[in-house]
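Each remark here refers to the structure printed beneath this line.
What follows draws every value from the coordinates through simple rules; no lab data is involved. Because the structure is a prediction, the values reported are computed rather than measured. Quick reminder, even Gly has a Cβ in these numbers, built from the backbone with ideal geometry, and neighbours come from all protein chains shown.
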Amino acid sequence: MVMRRLGVLFVLLATALALAAAPATAQEPTIKPGVGSAGIDLSGLTVAQAAAKLDAELAPRLQGDLILGAAGRPWTLKMADVGLKLDSVRTAKRALYAKVVAPQPVQVPAALTHSRIAVRSFVENVAKRVYGAPRDATVRITLRKLYLSHSRRGHGLPVDATRKAVDAALDDVAAPRVLHQTLVTVQPKVTAADARRIYGTVITIDRNHFKLRLFKSLKLAKSYGIAVGMAGLSTPAGEYRIQDKEVDPAWHVPNSAWAGSLAGQVIPGGAPDNPLKARWLGIANGVGIHGTAEDWSIGSRASHGCIRMHIADVKALFPRVPIGTPVLIV
């Protein structure tokens with residue numbers, strides 16, 4: 001019995017001696033004096049304590065909406081939509097390892113994250129809502145007159161600049177949550193000067209009054225008498241462009257009953273049996289403007305679909321009409 005008690009006392013004594021010999025547990029490091037984040041003093045706190053303080057004091061301040069002012073209206077971005085989060089532990093560690101040069105205080109940036117994809121989506125949606133499309137200059141062609149509608153500038157939100165500004169505001173706790181973005185001017189693709197150039201030359205064909213009108217710089221330059229297609233072979237109505245031009249054109253005779261024995265042949269330019277005299281301005285599907293030896297037919301429906309002109313007239317017209325010239329046939 002005595003021996004057993006001596007054994008227990010020996011074990012207790014050995015344990016006490018071991019504890020006395022063990023080194024003291026290292027103290028957890030604390031943040032240096034004068035260090036904080038977002039105006040919150042973190043001096044003397046451990047990382048865990050600093051993180052808890054940041055969660056309590058800073059995190060609630062980050063949940064307010066961001067307001068983007070554009071086109072005279074406020075557009076609200078909620079923090080839940082962009083997933084704004086504070087990494088308090090990471091911020092506390094920044095504070096712990098901050099270099100301090102006394103007596104200057106140090107403010108470390110808060111570790112914030114958010115969805116940049118959500119910001120882009122928000123900005124692009126606002127951009128669509130405030131966009132004012134520019135209007136291109138246009139020219140309306142009628143038989144007797146051309147009407148110019150002037151261009152108008154539009155406006156739009158500069159998406160990239162706005163996105164960067166919103167991202168920067170969410171990355172900085174000190175940045176204001178109200179942003180204002182001025183719209184930028186959006187230029188039209190076609191100005192009045194462009195339209196005048198595009199429609200520098202225009203031809204209209206008035207089938208009912210047998211008139212070809214030439215417009216230069218949107219003004220009537222010259223009118224010519226013409227013949228158009230006969231019944232059953234009418235000159236086709238519509239909007240076209242001059243496709244090709246040729247001096248003394250060959251005649252590729254169509255395979256049609258009215259062509260008789262000439263059907264499918266090619267009659268050289270200048271040949272007596274070639275009805276395409278002097279000049280050719282092709283429009284579409286074998287229809288074009290050409291001179292004719294049958295001056296008596298001008299002012300009537302006499303052709304097989306083409307527009308006939310006096311030879312002197314088609315020679316005068318030819319150099320004034322570039323390929324690509326718009327042609328309106330009514």
Compute the long axis of helix 47-57 from its Cα atoms, compare it with the longest principal axis of the Cα atoms of the chain, and write down the angle in degrees, 0 to 90, nearest 10. 60
Restricting to the chain, compute how many DSSP beta bridges are antiparallel as a %, nearest 5. 75
Across Val287, Val253, Val228, the residue with the highest GNM fluctuation in the chain (Cα network, 10 Å cutoff) is Val253
Which angle between 0 and 90 degrees, to the nearest 10, do you get for helix 159-171 versus the longest principal axis of the chain when only C-alpha atoms count? 10
Taking Cα atoms, the helix 2-21 axis meets the longest principal axis of the chain at an angle in degrees (rounded to 10) of 50
In whole Å, what are the extents of segment 35-129 along the principal axes defined by its C-alpha atoms, from largest to smallest? 51, 25, 19
Nearby lysines by direct alpha-carbon distance to Lys211 (threshold 29 angstrom, same-chain neighbours under 8 apart not counted): Lys145, Lys219, Lys222, Lys245, Lys277, Lys315
Given the rule -39500 (n - 2.57) for each run of at least 4 DSSP H residues, summed and divided by the residues of the chain, what is its mean residue ellipticity at 222 nm, to the nearest 500 deg cm²/dmol? -8000 deg cm²/dmol
Highest mean first, how do 231-238, 40-47 rank when packing is the count of other Cβ atoms within 10 Å averaged over residues? 40-47, 231-238
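Using only the C-alpha atoms of segment 200-329, find the volume of their convex hull and express it per residue in Å³.
97
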Cα-based Debye curve of the chain sampled at q = 0.10 Å⁻¹ gives log₁₀ I(q)/I(0) of -0.77
